[in-house]
Amino acid sequence: MNEKIWYLELIKPNWAPPAWIFGPVWSVLYIIIFASFGMVFYKVFKGELSYLIALPFVLNLIFNFAFTPIQFGLRNNELAAVDILLVLGTLVWSLLAIYPHLAWVSLVNIPYLLWVMFATVLQLTVTYLNW
């Protein structure tokens with residue numbers, strides 16, 4: 001069974017968005033992430049920001065990129081739930097850490113934060129419904 005069929009067969013809450021919406025939303029969010037996180041890494045590379053400020057951004061990217069292989073490759077809702085919680089936690093940490101230095105990075109990532117909050121509730125609900 002391929003990943004798309006597997007996901008479609010999962011029990012989802014009635015408020016879950018259609019599967020086709022995830023691609024366009026993440027495409028926009030990845031543009032925001034690329035530009036804003038890229039600026040953080042650039043400032044760290046130039047020595048204008050501490051490497052410690054970049055740590056939550058690096059962890060966020062790792063957890064973010066791990067989600068799809070965990071959810072759809074491993075088909076593991078429980079591990080995906082843990083992962084999305086880590087995405088949310090490292091994102092909040094990132095935005096709080098950078099705000100005093102580059103407030104615009106925090107502000108421009110509000111859509112990312114809101115989507116991850118929604119995705120976290122959705123993943124936790126899907127995990128619970130399919131336990």
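Here, each number is a calculation from the coordinates, and none is a lab measurement. Values in this document were obtained by computation on a predicted structure and should not be read as measured data. We place every Cβ from the backbone using ideal geometry, glycine too, and count neighbours over all the protein chains shown.
Summary table
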{"read-out": "Per-pair calculated FRET efficiency, R0 = 30 Å: V82 and W104 via Cβ, rounded to 0.05", "value": "0.45"}
{"read-out": "Least to most buried among S27, S50 (fewest other Cβ within 10 Å first)", "value": "S27, S50"}
{"read-out": "Per-selection metrics, segment 22-129 (Cα): Rg and Dmax in Å", "value": "14.2, 47"}
{"read-out": "Rounded to 10°, Cα long-axis angle of helix 77-98 versus longest principal axis of the chain", "value": "20 degrees"}
{"read-out": "Highest-fluctuation residue, W93, W104, W20 considered, GNM on the chain with Cα pairs under 10 Å", "value": "W20"}
{"read-out": "Residue among I33, I21, I84 with the largest mean-square fluctuation in a Gaussian network model of the chain, springs linking Cα atoms under 10 Å", "value": "I21"}
{"read-out": "For the chain, built as a Gaussian network whose Cα springs stay under 10 Å, the top-fluctuating residue of V25, V116, V58", "value": "V25"}
{"read-out": "Check: the chain dipole with +1 on Lys, Arg Cβ and -1 on Asp, Glu Cβ, in debye", "value": "160 debye"}
{"read-out": "Fewest-first ranking of V92, V44, using other Cβ atoms within 10 Å as the exposure measure", "value": "V92, V44"}
{"read-out": "Segment 22-129: relative contact order as a whole-number percent, Cα under 8 Å and 6+ apart", "value": "29 percent"}
